[in-house]
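A short worksheet on the structure shown next.
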């Protein structure tokens, strides 16, 4: 395998087999690297070494200062979490050489409605290379990543039949950017959720009512709110990251009372996240999500619509297999799993969850590696502190820990219910329509089921998540693997 051509990551082995169905060294995705600790990042256990034999107020001040510095080094904001510390750039400069991309983005939904997006892209875009000195500003860089991802997915999914290639005018600059970012060239959760919002009032919170999307595909309030609920969710959960690190510190010092307090704070944040997730019911119509939004987020791995993957014209002759945007790519949700030592080891979850790390921003997956270091296992710490003790403090610690696990289980149960309503139920409605039409032509059955009926549809692409998984078995397995972490 190749090695990163970069001094900061010179010892990092690159991985490409997670993205292709073979070991072909011509894969353009070999630049997606494994998480690692670079020399610029703090040692994973550094903050645990703080001396606790000082006044509590002084310790808290010192600990918070150290944690803030630690989070910043992983591009995590102490208030906004994995969201950027400064609101995303709304548009690349129209005087730059990249203005041609933005000019199409301005009218993207109209081109999609007119079903002429492909001819517009092919006629108006030439290959614009991203040179080493281009897009050095982080906000510009992230905006360019987002724009090229949206335009590429619009090209693939915006007309019938589905395109099996991405034209060189998009593919070449997109791959040049993703190589620099150490991420795969496909639309991801982070692009649509972390980098696709603006505030009306910069002084007010990042929440529905004060945020809007920068861009959508077909546009409409339901599509916008689907992304914005996820953005608010990321912000609501942001401060849990600080409490996770504080919990690990107090756990390492065997401070039961302080550890319990941090777990209670995490549980309170989880409740807020759960309440935010419920907003999806009021803000997003299931029919519109299923028929107008979700197909644009799909990728080309585990997708029956693209069994041979995707060709990136002008980049590689090897067809690529990449998952689409998925909630499993959320670094925030992954952080809860890592912190509570939820192990996704079943056949249904292991490979997919592992691959999803590579779809996260590099620094964020490095943060998860740090959070999950062996000596940070909060499950093991709570187990040790409560196994031989029956005092009131130990009972409160166990209760606080299990309350967090129960809330994570409740979150996953609600995700299952949402998926059932927004995807499975809509799939079955479509199947019923197909059956009504098909019965005019045939009454053939197989094992008591109409040949165009439910059994066939439930195994089709429409019963999959946008990430490419068979949806319900995957979500239920994630929930069951969380339940195992409860302590008696």
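Just so you know, all these numbers are worked out from the coordinates, no wet-lab data involved. This structure is a prediction, so every number in the text was calculated from the model and none was measured. Using ideal geometry, Cβ is built from the backbone for each residue, glycine included, and neighbour counts are taken over all protein chains shown.
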FRET efficiency for residue 430 and residue 483, using Cβ-Cβ distance with R0 set to 25 Å, rounded to 0.05 = 0.15
ask   = Say R0 is 41 Å: what FRET efficiency, to the nearest 0.05, do residue 350 and residue 203 get from their beta-carbon distance?
value = 0.40
note = Per its Cα gyration tensor (rounded if a/c is under 1.5, else prolate when a/b beats b/c, else oblate), segment 62-175 is best filed as prolate
ask   = Ranked by Cβ crowding within 10 angstrom, fewest neighbours first, how are 94, 371 ordered?
value = 94, 371
note = Put in order of increasing Cβ neighbours within 10 Å, starting from the fewest, 318, 272 give 272, 318
Neighbour-count ranking [beta-carbon atoms within 10 angstrom, fewest first] of 61, 301, 253 = 61, 253, 301
request  = First check a/c for segment 118-228, with a ≥ b ≥ c the square roots of the eigenvalues of its C-alpha gyration tensor; if it is under 1.5, answer rounded, and if not, answer prolate when a/b is larger than b/c or oblate otherwise.
outcome  = oblate
query = Stretched out fully, how many nm does the piece from residue 384 to residue 254 gain, at 0.36 nm a residue minus the Cα gap?
reply = 45.9 nm
message = For a protection proxy built on the mean count of beta-carbon atoms within 10 angstrom, sort 323-331, 175-183 highest first, please.
response = 323-331, 175-183
inquiry  = How would segment 263-360 be classified by its alpha-carbon gyration tensor: rounded, prolate or oblate, with rounded meaning a/c under 1.5 and the a/b versus b/c comparison settling the rest?
reply    = oblate
task = Output the peptides 141-152, 471-482, 408-419 sorted from most to least packed, where packing is the average of other Cβ atoms within 10 Å over each peptide's residues.
result = 141-152, 471-482, 408-419
